[in-house]
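We did not get these values from a lab; they are worked out from the coordinates using the rules stated. On a predicted model such as this, the values are computed, not experimentally measured, just so you know. Glycine also receives a Cβ, built like all others from the backbone with ideal geometry; neighbour counts cover every protein chain displayed.
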Amino acid sequence: MLLDTFGRRAVDLRVSLTDRCNLRCTYCMPEQGLQWLAKPDLLTDEEIVRLVTVAVRDLGVQEVRFTGGEPLLRPGLVGIVQACAALDPRPELSLTTNGIGLARTAAALREAGLDRVNVSLDTLDPDTFHTLTRRHRHQDVLDGLAAAEAAGLTPVKLNAVLMRGVNEDEAPALLAWCLERGYELRFIEQMPLDAQHGWDRSSMITAEEILERLSARFDLTPEPSATRGAAPAERWLVDGGPGRVGVIASVTRPFCRACDRTRLTADGQVRDCLFATGETDLRTALRSGADDAELAARWRTAMWGKKAGAGIDSPEFHQPDRPMSAIGG
Ligand code: SAM
Ligand code: SF4
């Protein structure tokens with residue numbers, strides 16, 4: 001098992017399949033100039049499947065989420081999903097994506113064994129989408145969402161980040177739109193993980209502000225905290241339910257004490273936290289002939305040292321060197 005000194009057990013693995021992306025969301029990447037990982041440093045499809053196998057079979061991981069960068073840019077994605085779905089015990093398999101290309105691949109991913117998707121969409125307005133992502137791909141995301149639903153990758157979840165002066169007014173409209181379609185919306189507080197280090201605590205939109213904006217239009221009832229488990233989102237029933245909305249308040253109301261995550265980067269480094277400043281290199285071990293037992297032992301050691309919390313809101317906080325797109329969000 002992947003335990004740490006605070007008694008937490010990591011059962012949820014996030015695997016980054018690439019650090020590259022076809023959008024340039026302002027809270028994530030600069031317009032240009034971001035250095036990509038070198039191709040030879042990236043794990044091959046077979047190496048990814050081998051490490052996921054060790055995690056699931058030997059280390060008690062129960063859920064695997066593929067992310068990036070943009071995971072749909074990984075040519076071998078369907079095959080990776082298929083191999084992971086054949087593992088015993090079979091893990092839950094999900095994907096976090098910007099949705100571009102999902103219209104083409106949703107059915108094949110479902111067929112391969114993918115259970116669910118989280119699609120990131122911050123706005124219903126194509127021009128605002130361009131301001132936020134620097135690309136004209138709004139319709140592609142909408143098409144991807146529809147395809148995910150049609151393929152049965154449900155419940156479809158939406159992730160949204162609100163940015164001051166750009167889409168901050170859109171929270172109620174996004175929620176109404178999601179409720180109409182049966183999508184589960186989760187707002188994520190903007191975190192200091194952008195490559196250009198432009199995050200500013202004083203201008204970020206907090207969970208409290210998001211809830212205030214939503215409450216102007218909807219009646220929100222907190223879901224009992226017992227139903228939250230290790231989920232980072234706090235959830236509210238909307239207008240008495242069954243529709244719900246979540247808020248991931250990683251900055252102002254972090255939920256580190258129940259964290260059950262472990263992370264693998266596209267270049268084969270284990271991270272015990274999004275905000276970790278250190279990593280454990282499994283790629284070199286794997287390529288030097290380490291057997292599965294040794295890889296598992298290294299992974300266990302990496303997680304044992306996990307800190308109590310990320311401490312983003314504390315003055316001592318240091319942003320990790322790697323941006324979110326290279327860690328895997
Ligand atoms: N490209 C895919 C996508 O956008 O869904 C997967 C990777 S992306 C890094 C994963 C999630 O992280 C997205 O929902 C995105 O909105 C969110 N994200 C990226 N940068 C963020 C930041 N600085 N603060 C909060 N969330 C962020
Ligand atoms: Fe790409 Fe996702 Fe980052 Fe946007 S948030 S630039 S879609 S990796």
Query raised in the report: With each run of n ≥ 4 DSSP H residues scored as -39500 (n - 2.57), what mean residue ellipticity at 222 nm is computed for the chain after dividing by its residue count and rounding to the nearest 500 deg cm²/dmol?
Result: -8000 deg cm²/dmol
Requested in this report: Determine the distance separating the Cα centre of segment 63-95 from the Cα centre of segment 100-136; give it in Å without decimals.
Outcome: 16 Å
Query raised in the report: Among all cysteines in the chain, which have no other cysteine Cβ under 4.7 Å from their own Cβ?
Result: CYS21, CYS84, CYS178, CYS256, CYS259, CYS273
Report summary line: Between ALA150 and ASP239, the FRET efficiency computed from the C-beta separation at R0 = 35 Å comes out, to the nearest 0.05, as 0.85
Report summary line: Of all DSSP beta bridges with both partners in segment 12-327, the antiparallel percent, nearest 5, is 30 percent
Requested in this report: Go through segment 262-267 residue by residue and turn each phi into a ³J(HN,Hα) via Karplus (6.51, -1.76, 1.60, θ = phi - 60°); whole Hz please, and just put x for glycine and proline.
Outcome: 9, 10, 10, 7, 5, 9
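Compute the semi-axes of the equivalent ellipsoid of segment 151-251, taking the square root of 5 times each eigenvalue of the Cα gyration tensor, and list them largest first in whole Å.
Values: eigenvalues 102, 47, 42 Å².
With the √(5λ) rule applied to segment 151-251, the semi-axes are 23, 15, 15 Å.
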**Report entry** q = 0.08, 0.09, 0.13 Å⁻¹, the chain: log10 I(q)/I(0) [Debye, one scatterer per Cα]
**Finding:** -0.35, -0.44, -0.99
Report summary line: Taking R0 as 30 Å and r as the Cβ-Cβ distance between ASP321 and ALA258, the FRET efficiency 1/(1 + (r/R0)^6), rounded to the nearest 0.05, comes to 0.65
**Report entry** Amide H partners (placed H, <5 Å) of LYS306, local residues excluded
**Finding:** THR5
Query raised in the report: With Cβ to Cβ distances under 12 Å as the rule, what net charge do the other residues near GLY144 carry (K, R +1; D, E -1)?
Result: -2
Report task. Report the FRET efficiency, 1/(1 + (r/R0)^6), for GLU223 and SER314, where r is their Cβ-Cβ distance and R0 is 35 Å, rounded to 0.05. Result -> 0.80
Query raised in the report: Which of TRP236, VAL78, LEU193 sits closest to the plus end of the dipole of the chain, meaning its Cα is farthest towards the positive end, when Lys and Arg get +1 and Asp and Glu get -1 on the C-beta?
Result: VAL78
Query raised in the report: What nm value, rounded to one decimal, do you get for the distance between ALA38 and GLU208 when each label is placed 7 Å out toward the C-beta?
Result: 4.8 nm
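Please identify every one of the GluC sites (Glu not before Pro) in segment 1-109 that sits in a loop by DSSP and has no more than 15 other beta carbons within 10 Å of its own beta carbon. Numbers along the way, then the final one.
Numbers: sites: GLU31, GLU46, GLU47, GLU63, GLU92; in loops: GLU31.
Counting only loop positions with at most 15 other Cβ atoms within 10 Å, the GluC sites (Glu not before Pro) in segment 1-109 are GLU31.
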Query raised in the report: Label ARG135 and GLU46 with points 7 Å out from Cα along Cα→Cβ: what is the distance between them in nm?
Result: 3.1 nm
**Report entry** Within a Gaussian network of the chain (alpha carbon springs, distance under 10 Å), most fluctuating of TRP304, TRP199, TRP177
**Finding:** TRP177
Query raised in the report: Can you tell which of MET303, ALA112, ALA150 lies farthest toward the positive end of the dipole of the chain, using +1 and -1 charges on the Cβ of basic and acidic side chains (Lys, Arg; Asp, Glu)?
Result: MET303
Query - Centroid-to-centroid separation of segment 138-167 and segment 231-264 [C-alpha atoms, Å] - result: 18 Å
Report task. Rank ALA107, ALA55, ALA293 by mean-square fluctuation in a GNM of the chain with C-alpha springs under 10 angstrom and give only the top-ranked residue. Result -> ALA293
Query raised in the report: What nm distance separates the two modelled labels at ASP291 and THR5, each placed 7 Å from Cα along Cα→Cβ?
Result: 3.1 nm
Report summary line: One point scatterer per Cα, no solvent, Debye formula: log10 I(q)/I(0) for segment 238-329 at q = 0.16, 0.23 Å⁻¹ comes out as -0.75, -1.20
Query - For segment 13-94, alpha-carbon Rg relative to the globular expectation (2.2 N^0.38 Å, N residues) - result: 1.19
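What percent does the relative contact order of the chain come to when contacts are Cα pairs within less than 8 Å and at least six residues apart? Present the calculation step by step, with values, prior to reporting the outcome.
Values: 663 pairs, mean separation 74.0, N = 329.
Reported as a whole number, the value is 22 percent.
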Query raised in the report: Out of SER215, SER314, SER250, any idea which swings most in a Gaussian network model of the chain, alpha carbons joined below 10 Å?
Result: SER314
